[in-house]
Each structure stands twice: as C-alpha cells, then as structure tokens.
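Report on the structure given below.
The values are calculated or read from the model by the stated rules, or taken from the named source; none is laboratory data. Because the structure is a prediction, the values reported are computed rather than measured. Don't worry about glycine lacking a Cβ; one is built from the backbone with ideal geometry, like all the others, and counts go over all protein chains shown. Areas reflect the complete protein model, heavy atoms only, side chains present, ligands, DNA and RNA absent. Shrake-Rupley method; radii C 1.70, N 1.55, O 1.52, S 1.80 Å.
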Amino acid sequence: MDSMRRLSGKECVIVSFSMTQYPEDKAERYALLLRQADALMEGIAHPMVQMANISALLYAALQDINWCGFYLMHEGSLLLGPFCGLPACVRIPLGRGVCGTAAAQNHIQRVADVHAFPGHIACDSASRSEIVLPLCHQGRVVAVLDIDSPLPCRFDETDEIMLSQLVSSIMSHCDFTTCHYSLR
C-alpha cells in the first residue's frame with residue numbers, strides 16, 4: 001500500500017488504501033500483493049471481511065482476470081461469497097464445474113481451457129481459464145478461492161504457488177470457528 005494509516009481503538013480500525021502501481025514482474029507483483037494482504041488482514045479474524053478485501057485486492061493487482069472471489073461451503077454445496085466481477089452463479093453443487101471439483105477433491109484446479117473441462121459452469125462466457133484453491137479449516141473445505149481469466153492458459157505454476165501462499169495467509173488470519181457455515 002502506498003500509504004496505509006491505521007487508527008486502532010476498541011471499536012474500529014480504519015485503513016486507508018490507495019491504488020498501487022504493481023510491478024510487471026509476476027514474482028514481484030505477488031510479493032507486493034502478499035504483503036498488502038497481510039497488512040489488510042492484520043487484527044481482523046472474521047472470514048467474510050477478509051474474503052471481501054482479498055477479492056478486491058486480487059482484482060486490482062492481477063492482470064488479465066475478469067472475476068475473482070470466494071464460494072463458501074453451505075449444506076453440501078458452494079454458495080457465492082464476496083467477489084469482484086460480473087454477477088455469478090449463486091450455488092454450485094460439489095463435484096460440478098471447476099469450483100465444485102476443487103471443493104469435492106480438496107485439490108487445486110488450474111484449468112488452461114475451461115471449455116475443455118468436463119461439466120464447466122459458464123457464469124461469464126468471456127472466461128477461458130481458471131484457477132480454484134480450496135480453503136480448509138480443521139481438515140475440511142470451508143470455501144474456495146476462484147479466479148477467472150478471459151485468456152486461455154492465463155494461470156501457471158507461479159500463480160498456483162503464490163495463491164497457495166495467499167490462501168495459507170487467509171487461513172492463518174481467519175477464525176472459521178465463529179462462522180455458521182455448514183462444513184463439509
């Protein structure tokens with residue numbers, strides 16, 4: 001964050017955020033993004049707050065994406081959570097599409113061509129590639145981070161590694177025991 005100001009009190013934390021000029025180099029871009037994410041998540045443990053800010057941060061920081069956000073586990077399926085982009089599918093059954101597959105298998109899905117993915121759910125017809133990372137609490141998937149791109153083959157191993165670090169950071173900052181999500 002170019003300038004970040006914190007005023008802490010019992011009742012509120014105020015964070016000032018200005019638009020950042022991100023480096024062109026992917027590793028440098030992610031290094032900055034991870035530092036920003038940690039700063040944004042400091043002192044707040046509620047997952048919904050974290051997911052909302054992280055969605056906005058990713059949308060601002062990552063190049064060539066058209067949607068990013070979270071789906072939350074609820075009663076055996078994924079429900080739309082905080083996101084940036086066009087309106088999206090509200091409920092995704094486990095095992096369906098890239099998000100449902102990631103949640104059902106508890107495994108990262110990095111898809112170069114979503115049109116070749118069996119059962120792909122096309123919320124935005126402009127999406128061509130996608131990466132989905134599960135978030136786990138006490139060994140169970142509680143949410144997934146979903147990022148779409150209008151470019152084929154947009155996501156590579158560097159994206160997967162760095163986004164995995166981001167998910168780990170989210171999980172270390174969030175207290176999912178306070179949530180009423182129906183865990184799988």
Where residues in region 43-59 are open to solvent by less than 40 Å² (accessible area, probe 1.4 Å) and among the polar types (S, T, N, Q), which of them is nearest to the chain's Cα centre (by Cα)? S55
Note: among L62, L79, L40, just one is surrounded by 15 or more Cβ atoms within 10 Å (Cβ to Cβ) and under 23 Å from L151 (Cα atoms), namely L62
If we ask which residues in region 70-102 are within 18 Å of L58 (Cα to Cα) and in a loop (DSSP other than H, G, I, E, B), their number turns out to be 3
Could you list, in sequence order, the residues of region 157-168 that are in contact (Cβ under 8 Å) with a residue 24 or more places away in the chain and either open to solvent by 20 Å² or more (accessible area, probe 1.4 Å) or of a type in the set (V, I, T) (or both)? T158, E160, M162, S164, Q165, V167
Given the conditions (1) touching a Leu at 6+ places or on another chain (Cβ under 7 Å); (2) open to solvent by 10 Å² or more (accessible area, probe 1.4 Å); (3) closer than 30 Å to T20 by Cβ, and given that F70 satisfies all but one, which numbered condition is not satisfied? (2)
The one condition in (1) under 13 Å from the mean Cα position of the chain (by Cα); (2) open to solvent by less than 10 Å² (accessible area, probe 1.4 Å); (3) closer than 29 Å to E24 by Cα that D148 fails to fulfil: (2)
Going by the structure shown, is R91 open to solvent by 40 Å² or more (accessible area, probe 1.4 Å), within 26 Å of F176 (Cβ to Cβ), touching a helix residue (DSSP H, G or I) at 6+ places or on another chain (Cβ under 6 Å) and modelled with pLDDT of 95 or more? no
I'm checking my understanding of the structure. Among residues of region 103-143 that are among the aliphatic types (A, V, I, L, M) and in a helix (DSSP H, G or I), which one is most open to solvent (accessible area, probe 1.4 Å)? A116
Condition broken by L135, with the remaining ones in (1) among the aliphatic types (A, V, I, L, M); (2) at pLDDT below 95; (3) over 20 Å from I65 (Cα atoms) satisfied: (2)
